[in-house]
1. Looking for something part of a strand (DSSP E or B), of a type in the set (Ser, Thr, Tyr) and modelled with pLDDT under 65 - is there at least one such residue anywhere in the range 212-222?
2. Among the residues of the range 107-147 satisfying the criterion of being surrounded by 14 or more Cβ atoms within 10 Å (Cβ to Cβ) and part of a loop (DSSP other than H, G, I, E, B), which is modelled with the lowest pLDDT?
3. If only one of Ser247, Ser252 is outside any strand (DSSP E or B), at pLDDT below 75 and exposed (fewer than 12 other Cβ atoms within 10 Å of the Cβ), which one is it?
4. Just name the residue that is modelled with the highest pLDDT out of those in the range 150-200 that are surrounded by 14 or more Cβ atoms within 10 Å (Cβ to Cβ) and touching an Asp or Glu at 6+ places or on another chain (Cβ under 8 Å).
5. So which residues in the range 306-346 are part of a strand (DSSP E or B), within 20 Å of Trp226 (Cβ to Cβ) and in contact (Cβ under 8 Å) with a residue 60 or more places away in the chain?
6. Could you tell me whether Thr325 is farther than 28 Å from Ser179 by Cβ and crowded, with 16+ Cβ neighbours inside 10 Å?
7. Tell me which residues, restricted to the range 50-106, are at pLDDT below 85 and among the β-branched types (Val, Ile, Thr).
8. Given the condition more than 22 Å from the chain's Cα centre (by Cα), part of a strand (DSSP E or B) and either exposed (fewer than 15 other Cβ atoms within 10 Å of the Cβ) or β-branched (Val, Ile, Thr) (or both), answer yes or no: does some residue in the range 282-289 qualify?
Amino acid sequence: MKRHSLLLLFAVAVTTAPLLAQTEKGNGLVSGGLSLGYLSSPVAGISTNTQFTPSLNLTVGKFVKDDWLLGVGVLFNGRFNKYTANTSRQNSAIIDQRNHEIPIQIRPFVRHYWKFNQIQLFAGGGLTVDVNNSRSTSKTTSIPGTSLLAGTTSRESSSLSVNPYIEIGANYFLTKRLSLQATVAAYSLPIGVGAVGLGLVYWTGTGSTATQPTGTANPQTDRGRWVVEAYVGGGRSRNSSEDPSASGGINSYSNSGYDFSFYPSVGHFVSKNTVLGLSLISSFRNGNNTPRTQRLGVSPYWQHYWANNRLTPFTRIGVAYTQTTSEGTDNKTADLGASGSIGLAYMVGKRFIIETALLNASVNRQKFFSISNNADEICTTATLSGQVGSGFSLRYVM
């Protein structure tokens with residue numbers, strides 16, 4: 001039996017278009033992002049699960065006085081889910097479930113800016129007004145000849161909360177119109193760190209008070225150079241519980257384990273601005289009550305930097321193959337995928353490159369053994385997303 005599921009995610013983000021240049025009165029900013037997600041996971045003759053997840057993050061502001069910005073932010077992350085199941089094979093019923101979640105946040109704020117040549121600092125505050133509404137319905141259609149009754153149940157909830165909002169941040173200018181922005185925000189008093197953000201900012205206007213960094217010929221991308229990067233992570237966990245037994249005693253359960261991941265990557269510049277490379281994928285997980293699981297794979301890639309400027313776009317295309325196995329079992333999962341991305345790279349000195357992907361596309365085919373169906377199943381996933389400055393990588397050039 002084969003199972004096919006398709007995930008299609010489309011996200012478009014427009015980063016902060018803040019500060020019309022000199023942060024003078026009358027100028028303004030617009031920033032935000034829009035994403036649309038769709039998930040369809042059918043199992044032929046048994047069930048269908050579909051989900052739609054729209055998201056909007058919009059901030060607008062206007063300088064009511066030199067260096068003083070008055071703005072408002074709107075955040076919306078919706079989820080609309082529909083699940084149908086035909087359990088007549090078990091002489092049960094036909095089930096139709098629908099769930100809606102509609103959370104909205106409105107954030108009025110005021111912000112002040114200080115300019116220091118290539119760096120600009122800001123601080124501000126305001127309020128966050130959160131409105132949440134959720135609704136779920138479940139409809140059951142009885143099967144003739146069974147004792148199950150048809151019926152519909154529904155649940156609905158809503159909430160409203162108001163909290164203080166405080167933020168500080170800085171912009172570092174990469175060019176006259178593009179800067180790297182870091183923000184730390186808190187949503188309560190006494191002040192505690194609630195969120196940390198890092199992203200790119202595009203500045204509009206007729207001029208800029210920031211000094212543009214000097215360009216270079218990018219020695220990092222010369223033919224014959226090598227570039228390396230790696231991710232290393234791990235952790236240890238322990239869970240325990242005690243429950244009363246039917247005989248009056250106590251049933252105790254505990255599980256402890258660890259996990260470790262290591263993703264090294266090396267690339268060689270076969271020509272100016274063009275890299276051919278290989279990434280290795282390895283992760284391990286072990287527990288005293290769970291089988292040891294390991295994931296191993298390889299991912300060759302091609303990457304090209306578009307220009308010889310300190311700040312340059314790039315294109316990256318790669319394929320990946322991984323296998324996941326569990327010790328002492330026949331469970332094995334194989335993934336084969338391809339991906340492509342377009343992003344921005346910033347050359348730091350002569351040895352480092354900072355990169356962020358702006359547009360990503362990928363497709364993955366996963367084959368695994370289903371214990372419940374006693375057969376191999378196939379899951380296909382496709383994603384397309386666009387976002388600005390959501391994650392950064394640091395590469396070292398030799």
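The values are calculated or read from the model by the stated rules, or taken from the named source; none is laboratory data. Fair warning: this is a prediction, and the values are worked out from it, not measured in the lab. Here Cβ is always computed from backbone atoms with ideal geometry, including for glycine, and neighbour counts include all displayed protein chains.
1. Our first condition is that a residue be part of a strand (DSSP E or B); within the range 212-222, this holds for none.
No.
2. Within the range 107-147, the match that is modelled with the lowest pLDDT is Ile143.
3. Unique residue meeting the criteria: Ser247.
4. For the range 150-200, the residue satisfying everything is Asn163.
5. Scanning the range 306-346 gives Thr312, Tyr346.
6. Taking the combined requirement at face value, the residue satisfies it.
7. Thr50, Thr53, Thr59, Val60, Thr84, Thr87, Ile94, Ile95 - these are the residues of the range 50-106 that are at pLDDT below 85 and among the β-branched types (Val, Ile, Thr).
8. From the range 282-289, those more than 22 Å from the chain's Cα centre (by Cα) are 284-289; that's our starting set.
Next cut, part of a strand (DSSP E or B) only: 284-287.
Filter once more, so that each one left must be either exposed (fewer than 15 other Cβ atoms within 10 Å of the Cβ) or β-branched (Val, Ile, Thr) (or both): none.
For the range 282-289, residues more than 22 Å from the chain's Cα centre (by Cα), part of a strand (DSSP E or B) and either exposed (fewer than 15 other Cβ atoms within 10 Å of the Cβ) or β-branched (Val, Ile, Thr) (or both): absent.
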